[in-house]
Amino acid sequence: MEDSFSPSFFRQLQQLKIRTRRSYLGSRQGGHQSLRRGHGLEFADFRPYTVGDDYRHIDWGVYGRTERLFIRQFREEQDLHVSVIVDTSASMGFPKGEFNKLTLAKELATSLGYIALTDGDTVTVSLLGQKNTPRFVGPRALSRIRKTINEVQCCESFSFRDEIRAAVSQLRIPGKCFVISDFLFEIEEIVSSLNVLRAKNFEIVVLQILSPEELNFETTTDELVVDAETGETVELSLGRAAKQEYARLLSSHVKFLEEFCFKNGITHVLIPSNQSVRDVIFSRLPSLGVLK
Amino acid sequence: MFSELFFGNLAAFSLLAIAPLLALAYLRKENRKKTIVSSVLILRALPKQQFRKRKIKLPLRFFLELLALLLLMLAAARPIYTSPGERVAILVDNSLSMGALNGGTTSRFEEGIKSLKSWFNEESSLSRYDFFVSSPTLELKGKSLSRREVISELNNLKPVYATDNIERGIKSILSEDDFDSLIVVTDRPVAISDENYEPPIPVNVLQVGKPEANMFIAQIKTEITSAKRRTIIAVVGNANTDETSATVNLYGTHFGLKNNNIEETLLFSKDVSIPAQSTVDATFALPNTLGDLNVFKATIETSSSNALSADDSAWLTFERSGETTVLLVTPRSSTNALGLGDINALSIKAISPEEYGKLSEDEIKDFRAIIFDRSAPKKLPHVSSLLLIPPRENGIFPITNEIKNPKITSWDNNHLITSYLKIPLLSPQASLVFDVPSWSQSIINSQKGSLMVAGESEGLRFATTGFSLLPFEGRKTPVESILTLNVLSWLTGNKKLSEDYLTGTIRILENANSWTVRLPSGETVSLTSGEDSLAKLALKTPGAYALAKGGSNDYQLFVANSLFPEESDTFREYPFNFSSFSNLNVDNTAKISKSSNSNTFWQAIVWLAILMLLIELSLRTVLPLLRLKKGVS
């Protein structure tokens, strides 16, 4: 992970900004249009003048038309609460060595966190399964966020839904939420987990990372495969037809997630783990409108 | 013609049942490549028919272990490779000593039969067997028998009251040249003193029995003391390393041809103590009046180890009048008159030639016969005489030559002297050769001349032998002994002249068409003689016999005893020597062996199985090390 994060990479990250389709209440002044009416540049609304209001904001044009006093309201720019949820289950630890999914997930999480922090946003990193949900604010938190994410290792299997619920309970202020996982679990669990986030009004971006082996499953004959998380075993002796069927089933699984996300306004990005973090951050996410 | 391979232990093939279990164990073992994947979510959703049939792959180690198992099973099945159609001679020693108990439980005979039956398991089922027993003489019990038939014969066989004659039996069988191999079951060990001797066929000796302590009656005899008192002396032997005590009992009975009551009455008992490997005389002085007692039996009782009971009794009967008196003239010191004292119904007096020279004519005439041993009278006595190895200057039978190891070429088998004798079994080491006087005839001839001459002159009978017949050793030298008795019988005309009859012998009954015999059991049988053959009475059991011609009431009483010291001495081994067969003059490479487990190769199979397991072990241990080394490098 150290190799990807060169000084030039960080400088490039500083140019990026996390985009949101919605406005969220922030906790302090920031760079995002928030729902709060206050001081800002963008006109938001009128409201009747009450004693004590700043009379410099009286809209005399409206008074001329209506002979009533109205105050001009502006959208206040506040910080965005960015949540980065990283799946650290055992399945993310594959493949071992090159193109490891967790490695890419950590790089993405660090990059997104860096972008958010340099933009003055508040970043909360939820490491599913780690029982740790640190919150980072301000540029000084850059090194801490990097260190925190870098130290993450895969843990034993857990219930994705339960962990999402636990993480969400720590997030008081909704905002942008990046969920980084391989989503290789039951559809019902995926759906209920994302619904938890939707219910909290997060703008969700799903970054699904799959390894090249998962995308194109190859096996020698007579293998006994063991699930890294559950320990479940499946005897394999796959022929060509079976491999084709596997590809179809995987495609169907990914497609279902895509469609669910699409229907529910969630951005879904399928990322092969052999893709570099630079490609994702600087090319794919901006093209999808996640970053600008 | 092909050789036969068969198995001595078919039950070992049941080990084959382990083979599928071994395969199952390997198949169940997770020896397929195990791969941990991130998730089997998609894989488990694949329909079952998408999976190819799993190839059953068993590692090399499985095949090595299976091969080792099969080899061990094969070795346990005891494969035996043998040539079919062998003609095998089986000689079973059924002599008296084979009845000795080993450790008080089973007899040597039973152990021998058991060994023989085990030996059969390793023999080809196609072989045929001629089954012989050694005692009392070599007898063919069955010809060209199958294994099953031999075993049936074995089950009906028991030791007899006789000595073994093993050497003669083996010699006779080997000389037949009809067999592919010979197996001998005996309690006598083999002593091969001639390393260069090789028998014509393989000879396997199954030796059974170990030294066992035994008490026995070595001899029973009667004497008249100086006080004219009849005594019976039972010579008791102790074949043991320790001094042993025993009680000797003397019984008397009246044994006749027809009397119903043949119960024995205890007359005397005497406790004796016998030193180890020694004999002691138990002497019983009989009362002057014996009533009608005519048969006496001595028995021994002991609480010590006594392996053989068949030799614990001996019988005696004696003629109370008409004993034959014979004079023995010999320059040799004579203990027991050079053995002649053992001959029943013979009263012997031994003197030196000088003492003979001092006897008067009347004194000489008191004797029924005179035996001149290595001496000769100056003139022909008026008593029938036997000259044994006379000096050259004897005036009766001229001597022409002297030869060593004479070969007997012919004999007069019509003469009473040679009757019922196997003259060729005589093998004197040296002999004088006689010129046959005109009044006599040659009885036994050699390539150089007559070795024995006999004739009659003026009512007197004279005979001479160029080889020694003394000392008289009885059963130890049966041919010579019977020749001696025949000569004495011929000289004295006393047909009742005999030593103790031994069990196992056959009495030839002459000059009558039928005989009535009462056996020791009390049973009475009739024997008849054919036109060209004489009636024969086999003395199978010890005890008293009463013999009468036809329906006559006049019977002859005699006893038969099983007194064989070499058989009774079960504490000592009496090895039989193969070197004595060297005159068979055969040239071959067969060897004598003491065990019969030939033609089996199970040991080689076991070594092969061990080799398989070693290879498997090395694969199990060395290969992973090599892989590790490869991985590290």
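Overview of results
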| item | result |
| --- | --- |
| Test result for residue A:185, in a loop (DSSP other than H, G, I, E, B), farther than 20 Å from residue A:109 by Cβ and at the interface with chain B (Cβ under 9 Å from one of its Cβ atoms) | no |
| Breaking point among (1) more than 14 Å from chain B (Cβ to nearest Cβ); (2) open to solvent by 10 Å² or more (accessible area, probe 1.4 Å); (3) of a type in the set (A, V, I, L, M, F, W, C); (4) in a strand (DSSP E or B), for residue A:282 | (4) |
| Wholly within the range B:155-238, strands (runs of 3 or more DSSP E) carrying at least 2 residues that are farther than 30 Å from residue B:318 by Cβ and open to solvent by less than 20 Å² (accessible area, probe 1.4 Å) | B:181-186, B:203-207 |
| Residue in the range A:237-246 that is most open to solvent (accessible area, probe 1.4 Å), counting only those that are more than 8 Å from every other protein chain (Cβ to nearest Cβ) and at pLDDT 75 or above | A:244 |
| Scope the range A:145-181; condition free of Cβ contacts under 8 Å to residues at least 12 places away in the same chain and farther than 23 Å from residue A:93 by Cα; matching residues | A:169, A:172 |
| Out of B:298, B:314, sole residue that is within 23 Å of residue B:161 (Cα to Cα), buried (at least 18 other Cβ atoms within 10 Å of the Cβ) and in contact with a Pro (Cβ under 9 Å, 6 or more places away or on another chain) | B:314 |
| Boolean, residue A:234 is closer than 15 Å to residue B:40 by Cβ and surrounded by 14 or more Cβ atoms within 10 Å (Cβ to Cβ) | yes |
| Condition check for residue A:91: crowded, with 24+ Cβ neighbours inside 10 Å and more than 14 Å from chain B (Cβ to nearest Cβ) | no |
| Of all residues in the range A:188-220 being away from chain B (no Cβ under 14 Å) and within 16 Å of residue A:101 (Cα to Cα), the one that is surrounded by the most Cβ atoms within 10 Å (Cβ to Cβ) | A:207 |
| Residues (over 14 Å from residue A:161 (Cα atoms) and open to solvent by 10 Å² or more (accessible area, probe 1.4 Å)) located in the range A:172-187 | A:172, A:173, A:174 |
| Selection within the range B:99-123 - open to solvent by less than 20 Å² (accessible area, probe 1.4 Å) and in contact with a helix residue (DSSP H, G or I) (Cβ under 9 Å, 6 or more places away or on another chain) | B:100, B:102, B:107, B:108, B:109, B:112, B:113, B:116, B:120 |
| Subset of the range A:160-175 [at pLDDT 85 or above and not in a helix (DSSP H, G or I)] | A:175 |
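Residues are listed down the side, and each one gets a yes or a no for (1) at pLDDT 85 or above; (2) within 14 Å of chain A (Cβ to nearest Cβ):
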site: B:47; (1), (2): no, yes
site: B:82; (1), (2): no, no
site: B:90; (1), (2): yes, no
site: B:98; (1), (2): yes, no
site: B:112; (1), (2): yes, no
site: B:121; (1), (2): no, no
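The values are calculated or read from the model by the stated rules, or taken from the named source; none is laboratory data. Small disclaimer: the values here were computed from a predicted structure and weren't measured. All Cβ positions, even for glycine, are placed from backbone atoms using ideal geometry, and neighbour counts span all protein chains on display. Accessible surface is based on the protein model in full, side chains and every heavy atom, while ligands, DNA and RNA are left aside. Shrake-Rupley method; radii C 1.70, N 1.55, O 1.52, S 1.80 Å.
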